[in-house]
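Peer 1: Please see the structure below; I have some questions.
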Amino acid sequence: MESFEWENLQARFEEVEANGFATEPRPYQSGMKDGGRHSALSRDWSFGDADCVVVRIENADVLRRLIAVLTQSGDALTLSPAAITRWIERLRHFFPAFDRFDRPDPQFDGVERTYKLEVAAELKTAIAQAGSDQELADVVNTALAKSNLLQWRVYWPMSPKGDADREKLWPALRALVDAALGAPDGHASALEAFVTAWIAAVPDGKPDPARQIAEFLFLHLAPDEGIYIRYSVRQNLWLEAVGSRFPDHESIADTYREEWQFMQAVRRAFADRDLAPRDMIDVQSALWIVHNYKEEDAATFSREAIETAIDAYDSYHQSGDHAAIFKAFRAPEAARPLQNPM
């Protein structure tokens, strides 16, 4: 049995959580035998007075994945600082007024963020009102059609004119929506179940369209933890930042976990550079800009125009001027003045 000192246990606890496991700390309680932490383990021959962490193990696959996390070298996924620098420079090239995510740049939010928040709000409201599986499918199809994240061919099989077997797919879609609204540690297994149902319900069905649909729901219904990333964006930016090809997994659930770990690493890297991402929508948007924007998409505003826009935004917060423009953008819940400009 591998054991760790408390400092190492703290780091391992965070690492296990970051890989999607359900965990619970169980600190040692002096004078108590067995009760409270676990059964028959608070003994001299086991953990003694060491603090413990409980990890829920549902099956052999989960156990193997936990062992891999605990025995791997290094802590969190390490990204190339040069890659992060290039990505930030690229982001600011296309959005010259961008400073931090939590100091909203109206142009960035207007192009990449606001419509996603609107789709998410409408989707959540409609889900709560949907009764039958068909009504729920209509709600999801409406959200997919309103967004530009997915190409229409991706979700066409489940659209009103599509050729998916509704009896097979709709129950799986409901389970997926329920999972997206639940705890994030259930996202990977829910995605895998939906992909399996998709392949069975769609003629010549492939895994990636189902993966994208599932991740679309995770991002919009759980934006603080849920992720969405296109295949090409994932493959190319992982290669640049990690220095190797994105791993091939037999399990689509493990593919999602690897994507999630990557997106969380990007979020941490942005936070370390004082960019303060508000959620995974900011991370997804930034990676899309880095990977897909072309030079013709670059803003051509002068420095004077940018400063005028910033002054107008400050005036809006102070006196309400220009409300017709800025009310269209959702303000962050905890915006604060810039303290450490890059």
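The values are calculated or read from the model by the stated rules, or taken from the named source; none is laboratory data. The model shown is predicted, which means the values in this text are computed figures rather than measured ones. Virtual Cβ from ideal backbone geometry, glycine too; neighbours counted across all protein chains shown. Heavy atoms of the whole protein, side chains included, go into the accessibility calculation; ligands, DNA and RNA do not. Shrake-Rupley method; radii C 1.70, N 1.55, O 1.52, S 1.80 Å.
Peer 1: State all residues of segment 115-143 that are touching a Phe, Trp or Tyr at 6+ places or on another chain (Cβ under 6 Å) and either open to solvent by less than 20 Å² (accessible area, probe 1.4 Å) or basic (K, R) (or both); if no residue qualifies, say none.
Peer 2: First, the residues of segment 115-143 that are touching a Phe, Trp or Tyr at 6+ places or on another chain (Cβ under 6 Å): 133, 137.
Listed by number, the list holds a single entry, A137.
Peer 1: For the structure I just gave you, tell me whether W198 is part of a helix (DSSP H, G or I) and open to solvent by 60 Å² or more (accessible area, probe 1.4 Å). Walk me through it before giving the result.
Peer 2: Values: part of a helix (DSSP H, G or I): yes; open to solvent by 60 Å² or more (accessible area, probe 1.4 Å): no.
When the stated conditions are applied, W198 does not pass them.
Peer 1: Would you point out which residue out of L91, L77, L66 is open to solvent by less than 70 Å² (accessible area, probe 1.4 Å), aliphatic (A, V, I, L, M) and modelled with pLDDT of 95 or more? Spell out the reasoning first.
Peer 2: Values: L77 fails: modelled with pLDDT of 95 or more; L66 fails: modelled with pLDDT of 95 or more.
Of the residues listed, the single one that is open to solvent by less than 70 Å² (accessible area, probe 1.4 Å), aliphatic (A, V, I, L, M) and modelled with pLDDT of 95 or more is L91.
Peer 1: Just to be sure before I move on: is D109 touching a residue at least 40 places away in the same chain (Cβ under 8 Å) and open to solvent by 30 Å² or more (accessible area, probe 1.4 Å) in the structure I sent? Spell out the reasoning first.
Peer 2: On the way: touching a residue at least 40 places away in the same chain (Cβ under 8 Å): yes; open to solvent by 30 Å² or more (accessible area, probe 1.4 Å): no.
No; evaluated as a whole, the condition is false for this residue.
Peer 1: Checking the structure you have, find out if any residue of segment 144-154 is on the phi < 0 side of the Ramachandran plot, open to solvent by 60 Å² or more (accessible area, probe 1.4 Å) and among the aliphatic types (A, V, I, L, M). Give the steps one after another, and end with the answer.
Peer 2: Residues of segment 144-154 on the phi < 0 side of the Ramachandran plot: 144-154.
Next, only the ones that are open to solvent by 60 Å² or more (accessible area, probe 1.4 Å) stay: 145-146, 148, 151-153.
Still in the list and also among the aliphatic types (A, V, I, L, M): 145.
Yes, the conditions are met somewhere in segment 144-154.
Peer 1: Report the residue count in segment 205-254 for those that are buried (at least 17 other Cβ atoms within 10 Å of the Cβ) and outside any helix (DSSP H, G or I).
Peer 2: Of the residues in segment 205-254, 10 are buried (at least 17 other Cβ atoms within 10 Å of the Cβ) and outside any helix (DSSP H, G or I).
Peer 1: Also, quick follow-up: Kindly list, by first and then second residue, each pair from a residue in segment 176-187 that is closer than 14 Å to P223 by Cβ and assigned to a helix (DSSP H, G or I) to a residue that is open to solvent by less than 40 Å² (accessible area, probe 1.4 Å) and acidic (D, E), limited to pairs with Cβ atoms under 9 Å and residues at least 6 apart or on different chains.
Peer 2: H187/E215
Peer 1: Evaluate the following for D272: is it open to solvent by 10 Å² or more (accessible area, probe 1.4 Å) and either free of Cβ contacts under 8 Å to residues at least 40 places away in the same chain or hydrophobic (A, V, I, L, M, F, W, C) (or both)?
Peer 2: Values: open to solvent by 10 Å² or more (accessible area, probe 1.4 Å): yes; either free of Cβ contacts under 8 Å to residues at least 40 places away in the same chain or hydrophobic (A, V, I, L, M, F, W, C) (or both): yes.
When the stated conditions are applied, D272 passes them.
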